[in-house]
1. Just going by the charge dipole of the chain, with Lys and Arg at +1 and Asp and Glu at -1 on Cβ, which of Phe63, Tyr85, Asn161 is farthest out on the positive end?
2. At 1.4 Å probe radius, can you tell me the per residue accessible area of the range 33-186 in Å²?
3. Averaging sequence separations of C-alpha pairs under 8 Å and six or more residues apart, then dividing by the length of the range 80-186, give the relative contact order as a whole percent.
4. Mind ranking 159-172, 97-110 by how tightly packed they are, going by the mean number of other C-beta atoms within 10 angstrom, highest first?
5. Provide the descending list of Cα extents for the chain along its principal axes, expressed in whole angstroms.
6. How about Lys154: which lysines have a C-alpha closer than 21 Å to its C-alpha, ignoring those fewer than 8 places off in the same chain?
7. Note down the relative contact order for the chain as a percent, whole number, built from C-alpha pairs under 8 angstrom at least six residues apart.
8. List the chymotrypsin sites (Phe, Trp or Tyr not before Pro) in the range 49-111 that DSSP assigns to loop (not H, G, I, E or B) and whose Cβ has at most 16 other Cβ atoms within 10 Å. Which are they?
Amino acid sequence: MPLLSRLAVALIAVALLAACQPEPEAKYAKDLNSCELLPRETARRITDVGPELGPAEEKTWNFLVTYKYCQWTYKQPRAHFWSSYQKGPVKRQLTIRAEITTAESGGAPAVAIQYGGQLDADRKSGYAVQEVPGIGEAAFIATQKYDDGRESTKVKFRRSNALITLSLSGQDCCARQQGETDMKAANRRATILAAAKAADHALLSR
């Protein structure tokens with residue numbers, strides 16, 4: 001068989017093989033709204049500020065990359081701007097972001113690779129990283145400490161073609177009269193894990 005004929009046959013075989021391969025799993029649509037994964041009442045129940053938690057706000061991040069995320073915030077009111085905070089939660093900021101990879105872009109397998117890369121990157125960055133069972137198909141929790149001593153904790157998990165990131169930070173007042181301090185690490189961890197489980201439950205029900 002001439003070389004060109006053999007090459008044509010080989011190309012046809014490759015095309016047929018590709019056509020027979022199933023499309024990568026992609027359960028979720030690209031337009032999935034992050035705010036839909038954590039309804040307002042669920043967010044209020046999970047945080048420790050109850051009905052005082054603000055409504056969900058859809059926001060856009062435009063630095064280097066552009067993406068949308070959802071945010072809930074709480075700040076303890078004060079009688080006057082010069083007055084001190086009362087004992088209890090002072091600030092809470094809870095965010096959630098859903099990144100969806102379509103089948104055309106690789107679907108679930110591509111998300112698994114992306115998740116693994118971010119897990120490795122956080123470990124190399126020196127964050128306190130721990131993989132956690134029972135959330136998504138794989139999940140990890142990581143705590144970042146900033147130069148000023150504040151901390152934020154995030155949970156990242158994947159399910160099908162969705163990569164979900166939640167983060168939580170907050171301050172309390174006034175333990176042992178020391179003024180405003182970070183919320184206790186155990187409380188922050190329990191809260192963000194509960195929020196991640198709720199978001200995963202919402203994904204499963206879609």
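1. Tyr85
2. On the way: 8460 Å² over 154 residues.
Heavy-atom SASA per residue in the range 33-186 reads 55 Å².
3. Working: 185 pairs, mean separation 36.5, N = 107.
With pairs under 8 Å counted, the relative contact order is 34 percent.
4. Working: 159-172: 22.4, 97-110: 17.4.
In decreasing order of mean packing, 159-172, 97-110 become 159-172, 97-110.
5. Each principal axis gives a Cα extent; for the chain these are 90, 34, 33 Å.
6. Once the sequence-local lysines are set aside, what remains near Lys154 is Lys59, Lys68, Lys75, Lys91, Lys124, Lys145, Lys184, Lys197.
7. Details: 343 pairs, mean separation 43.1, N = 206.
With pairs under 8 Å counted, the relative contact order is 21 percent.
8. Working: sites: Trp61, Phe63, Tyr67, Tyr69, Trp72, Tyr74, Phe81, Trp82, Tyr85; in loops: Phe63, Phe81, Trp82, Tyr85.
When the chymotrypsin sites (Phe, Trp or Tyr not before Pro) of the range 49-111 are filtered for loop state and at most 16 Cβ neighbours within 10 Å, Phe63, Phe81, Trp82 remain.
The values are calculated or read from the model by the stated rules, or taken from the named source; none is laboratory data. None of these values were measured; they are calculated from a predicted model. In this analysis, Cβ positions are derived from the backbone assuming ideal geometry, glycine residues included, and neighbour counts consider all displayed protein chains. Accessible surface is based on the protein model in full, side chains and every heavy atom, while ligands, DNA and RNA are left aside. Shrake-Rupley method; radii C 1.70, N 1.55, O 1.52, S 1.80 Å.
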